[in-house]
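S.K.: Below you'll find the structure I mean.
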Amino acid sequence: MVSTAFATAAGFYGAFANALAEAGFAAITYDYRGIGASRPARMPGFPATLTDWAVLDMAGIVRWVHQTQRPARLFMFGHSAGGILAGLAGIGDLVDAMVTVGSENTYWRLDPPRVKAAQWTRTVLTTPIATLFGYVPWSRFSDAQDVPAGAARQLAAAIRRPRGVLGDPDVPADRYAAFTAPVLAYSIDDDEWVSESSVDDLAASYPNSTRRHVHPEQAGLTRVGHFGYFRPRSRALWNDPFTWLSQQPARDHH
């Protein structure tokens with residue numbers, strides 16, 4: 001089960017999901033409400049928050065997989081926000097293991113120096129833009145997906161908090177302690193948006209986490225960045241998490 005980054009459609013992970021299938025896993029991708037194929041006909045005013053993405057969408061997919069597919073083991077891959085929201089979803093007892101890539105404490109002071117100013121500016125501009133349009137139209141300025149106003153405002157607030165999303169008083173942050181499945185958390189050395197220390201910080205919130213730091217040279221590349229890990233050119237990096245997942249035993253929820 002592949003959970004996407006913020007403002008990123010599930011289709012971006014198609015090649016990666018195909019590689020999972022070729023490696024012997026049954027793979028599923030999905031869009032959070034308001035994103036990609038789950039975008040409503042009318043975006044302005046569409047109600048959706050990060051909390052909804054975790055406790056309704058992510059948790060709903062996990063339960064659907066268990067009920068309809070009855071897997072021997074259920075594994076999660078979380079990219080950036082996908083690895084953050086998993087701890088809030090209340091499904092730790094239904095997951096056998098999770099791999100995260102670039103999933104971080106979103107606090108801006110932990111960001112790489114070159115993007116700190118941009119991140120802070122983003123938090124300042126999000127509310128007026130969301131108020132003006134009724135959502136945040138990222139697609140007008142970048143390759144990102146448009147985002148519901150509630151999710152965008154919640155992330156902007158989390159960027160200002162030292163504990164990031166976990167510092168939001170309206171999220172069930174206590175659920176992180178119950179996510180006892182093994183977690184393998186990757187950081188990328190040239191990630192332009194996420195620092196190694198911010199990944200360290202979030203990984204430490206999971207009770208059973210292991211950290212690995214990836215350099216582009218390991219895949220014979222000069223650049224990977226925040227999104228490049230999931231592009232076909234980074235395929236050489238995928239064997240490590242695929243092998244790790246295949247070695248994880250089923251937990252007693254089965």
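The values are calculated or read from the model by the stated rules, or taken from the named source; none is laboratory data. Since this is a predicted model, take the numbers as computed values, not measurements. Positions of Cβ are backbone-derived with ideal geometry, glycine not excepted, and every protein chain shown enters the neighbour counts.
S.K.: For segment 130-169, what are the residues that are of a type in the set (A, V, I, L, M, F, W, C) and either within 15 Å of R39 (Cβ to Cβ) or surrounded by fewer than 16 Cβ atoms within 10 Å (Cβ to Cβ) (or both)? Outline the logic, then answer.
M.R.: Filtering segment 130-169 down to residues of a type in the set (A, V, I, L, M, F, W, C) leaves 130, 132-133, 136, 138, 141, 144, 147, 149, 151-152, 155-159, 165-166.
Within segment 130-169, L132, F133, V136, W138, F141, A144, V147, A149, A151, A152 meet the criteria.
S.K.: Restrict the check to segment 109-123 and report whether at least one residue is surrounded by 15 or more Cβ atoms within 10 Å (Cβ to Cβ), part of a loop (DSSP other than H, G, I, E, B) and either among the hydroxyl-bearing types (S, T, Y) or touching a strand residue (DSSP E or B) at 6+ places or on another chain (Cβ under 9 Å) (or both).
M.R.: There is no residue in segment 109-123 that is surrounded by 15 or more Cβ atoms within 10 Å (Cβ to Cβ), part of a loop (DSSP other than H, G, I, E, B) and either among the hydroxyl-bearing types (S, T, Y) or touching a strand residue (DSSP E or B) at 6+ places or on another chain (Cβ under 9 Å) (or both).
S.K.: Tally up the residues in segment 51-91 that are closer than 28 Å to A144 by Cα, out of contact with any helix residue (DSSP H, G or I) (no Cβ under 9 Å at 6 or more places or on another chain) and of a type in the set (A, V, I, L, M), please.
M.R.: Final tally of qualifying residues: 2.
S.K.: Here is a further query. When the residues of segment 183-196 are narrowed to those that are surrounded by 15 or more Cβ atoms within 10 Å (Cβ to Cβ) and out of contact with any Gly (no Cβ under 9 Å at 6 or more places or on another chain), which ends up farthest from D111 (Cα to Cα)?
M.R.: Once the filter is applied, the top-ranked residue is L184.
S.K.: Given F12, F75, which one is more than 20 Å from V165 (Cβ to Cβ) and either at pLDDT below 95 or in contact with a strand residue (DSSP E or B) (Cβ under 7 Å, 6 or more places away or on another chain) (or both)?
M.R.: Working: F12 fails: either at pLDDT below 95 or in contact with a strand residue (DSSP E or B) (Cβ under 7 Å, 6 or more places away or on another chain) (or both).
Being more than 20 Å from V165 (Cβ to Cβ) and either at pLDDT below 95 or in contact with a strand residue (DSSP E or B) (Cβ under 7 Å, 6 or more places away or on another chain) (or both) holds for just one of F12, F75, which is F75.
S.K.: Considering only residues of segment 228-241 that are out of contact with any His (no Cβ under 8 Å at 6 or more places or on another chain) and buried (at least 17 other Cβ atoms within 10 Å of the Cβ), which is nearest to V95 (Cα to Cα)? Before the answer, list the steps.
M.R.: Of all residues in segment 228-241, those out of contact with any His (no Cβ under 8 Å at 6 or more places or on another chain) come to 228, 231-241.
Checking which are buried (at least 17 other Cβ atoms within 10 Å of the Cβ) leaves us with 228, 234, 237-238, 241.
Values: G228: 26, S234: 26, L237: 23, W238: 20, P241: 16 Å.
In this case the residue turns out to be P241.
S.K.: If G36 satisfies all but one of (1) on the phi < 0 side of the Ramachandran plot; (2) out of contact with any strand residue (DSSP E or B) (no Cβ under 9 Å at 6 or more places or on another chain); (3) touching a residue at least 60 places away in the same chain (Cβ under 8 Å); (4) small (G, A, S), what's the number of the condition it fails?
M.R.: Result: G36 fails condition (1) only.
S.K.: Next question. How many of the residues in segment 46-73 are crowded, with 19+ Cβ neighbours inside 10 Å, among the aliphatic types (A, V, I, L, M) and part of a loop (DSSP other than H, G, I, E, B)?
M.R.: Residues flagged as crowded, with 19+ Cβ neighbours inside 10 Å, among the aliphatic types (A, V, I, L, M) and part of a loop (DSSP other than H, G, I, E, B) within segment 46-73 amount to 1.
S.K.: Out of V199, V194, report the one residue that is touching a His at 6+ places or on another chain (Cβ under 9 Å), closer than 15 Å to L85 by Cα and either modelled with pLDDT under 95 or not acidic (D, E) (or both). Working first, answer last.
M.R.: Values: V194 fails: closer than 15 Å to L85 by Cα.
Among V199, V194, only V199 is touching a His at 6+ places or on another chain (Cβ under 9 Å), closer than 15 Å to L85 by Cα and either modelled with pLDDT under 95 or not acidic (D, E) (or both).
S.K.: Can you name the condition, by its number, that V194 falls short on among (1) in contact (Cβ under 8 Å) with a residue 60 or more places away in the chain; (2) farther than 25 Å from G34 by Cβ?
M.R.: Here V194 clears every test but (2).
S.K.: Now, a different point. Starting from segment 44-66, take each residue that is in contact (Cβ under 8 Å) with a residue 24 or more places away in the chain and list its partners that are among the charged types (D, E, K, R) and assigned to a helix (DSSP H, G or I), counting only C-beta distances under 9 angstrom and pairs at least six apart or across chains.
M.R.: A48/D57; T49/R153; A54/R175; V55/R175
S.K.: While we're on this one: Within segment 99-144, count every residue that is touching a Gly at 6+ places or on another chain (Cβ under 6 Å) and not aromatic (F, W, Y). Spell out the reasoning first.
M.R.: As a first pass, look at segment 99-144 and keep what is touching a Gly at 6+ places or on another chain (Cβ under 6 Å): 100, 103, 105-107, 134.
From what is left, the residues that are not aromatic (F, W, Y) are 100, 103, 105-106, 134.
Qualifying residue count for the region: 5.
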